[in-house]
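Written below as structure tokens is the structure these notes are about.
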Amino acid sequence: MEIHYEWGVTGALKASQRGDICIVIDIFRASSTIVTALAVGFLTIKPTQTWMAKPPNYLTAGESNGEKISACDFGNSPCEIIASQKRADKLLIKTTNGSRCIENINNPAAVVLIGCMLNATSVAEIALTLSKKNNKNISFVLAGCRGEYCEDDDIAGKFIAEIIQRKRQAQPICKQLYSDTRDLLLKSAAAQRLITKGHADDVSFCTQWDCYAIAPVYHILSKEITALLAPEKVNI
């Protein structure tokens, strides 16, 4: 098994062409919002790159350049979703970086998982299970900022990769590794930018480790995201 790191839409297409097990990471905040939405009760999430009239029976979450799209029910904010009383089975989400990466993995031979700090161990375990089962490599598709390097996604991706390697070797995951990772994330430019925009609550929440034991999976044919709950239930 090899581990690759790819950036943005271009990297998503490369990982897709290889048919890898892909873990899409946009820690601030798309992947964290998707994981949280499924954890609090949404059954399916549909990422979109274009905005149109809200489909029937959907709530909407969206941002552009870090700011909430006014027509949406939620911003790209896990904390806003948790605090809101609005609930439905389906959520439509549009973000500047993360949703674009997800949608551009379009090879049915690939498997697309959504990862962040909130579900780091679960997504690592499921990716490793699928890699062994299907003899596939793992690609971290890091959203970055418009496809360019962004330290926060790099830090989160390497943290999940370290969990995968330690699981392979039956080694424990030490709390110091998480503590060091969280410190780096909080100091990152993306975190500081969100704090200045008034999203300190999201920054703090998105850097928590293993709040949720789920791994969202993007179904390429239906273009919808649902939740996988445990490695032993993987049937992809």
- Any chance you could tell me what percent of the C-alpha pair distances in segment 157-236 go past 16 Å? 66 percent
- Message: Neighbour counts of other C-beta atoms within 10 Å: give me Phe42, Phe28 arranged from fewest to most.
- Response: Phe42, Phe28
- Which is farthest toward the positive dipole end of segment 1-113 among Ser99, Gly19, Val40, measuring Cα position about the Cα centre, with Cβ charges +1 (Lys, Arg) and -1 (Asp, Glu)? Val40
- Item | Only Lys, Arg (+1) and Asp, Glu (-1) charged, at Cβ; segment 176-219 dipole about Cα centre in debye | 200 debye
- Please list the non-local residues whose amide H lies under 5 Å from the amide H of Ser139, H modeled 1.01 Å from N, same-chain partners needing a gap of 5 or more. His4, Ile21, Cys22, Ile23
- Message: Report, in listed order, any pair from Lys94/Lys197; Lys46/Lys167; Lys158/Lys223; Lys136/Lys175; Lys133/Lys158; Lys94/Lys136 with a Cα-Cα distance greater than 25 Å.
- Response: Lys46/Lys167; Lys158/Lys223; Lys136/Lys175; Lys94/Lys136
- What ranking of Ile27, Ile195 emerges when the number of other C-beta atoms within 10 Å of each C-beta is taken as an exposure proxy, fewest first? Ile195, Ile27
- Item | Ordering of 92-98, 142-148, 154-160 by packing [mean C-beta count within 10 Å, highest first] | 92-98, 154-160, 142-148
- Size of electric dipole in segment 1-143: Cβ of Lys, Arg +1 and of Asp, Glu -1, about Cα centre, debye, nearest 20: 260 debye
- Message: Using all alpha carbons of segment 89-163, what is the percent of pairwise distances in each 10 Å bin, ordered from the shortest bin to the longest?
- Response: 17, 47, 33, 3
- Item | Unit charges at the beta carbon, dipole of segment 3-228: most positive-side option, Gly198, Trp7, Val217 | Val217
- Item | Per-selection metrics, segment 25-68 (Cα): Rg and Dmax in Å | 11.1, 29
- Which FRET efficiency, nearest 0.05, do Ala88 and Glu67 yield, Cβ-Cβ r, R0 35 Å? 0.90
- Given the alpha-carbon gyration tensor of segment 128-199, what are the semi-axes of its equivalent ellipsoid in whole angstrom, ordered largest first, with each equal to the square root of 5 times an eigenvalue? 27, 17, 7
- segment 3-228: translational diffusion in µm²/s, Stokes-Einstein, Kirkwood Rh over Cα pairs, 37 °C, 0.692 mPa s: 192 µm²/s
- Message: Please state the shape class of segment 17-151: rounded when a/c is under 1.5, otherwise prolate if a/b exceeds b/c and oblate if not, all from the C-alpha gyration tensor.
- Response: prolate
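Bear in mind that the values in this text are calculations on the coordinates, not laboratory data. Computed from a predicted structure; not experimentally measured. Neighbour counts are summed over all protein chains in view; Cβ atoms, including those assigned to glycine, are modelled from backbone coordinates with ideal geometry.
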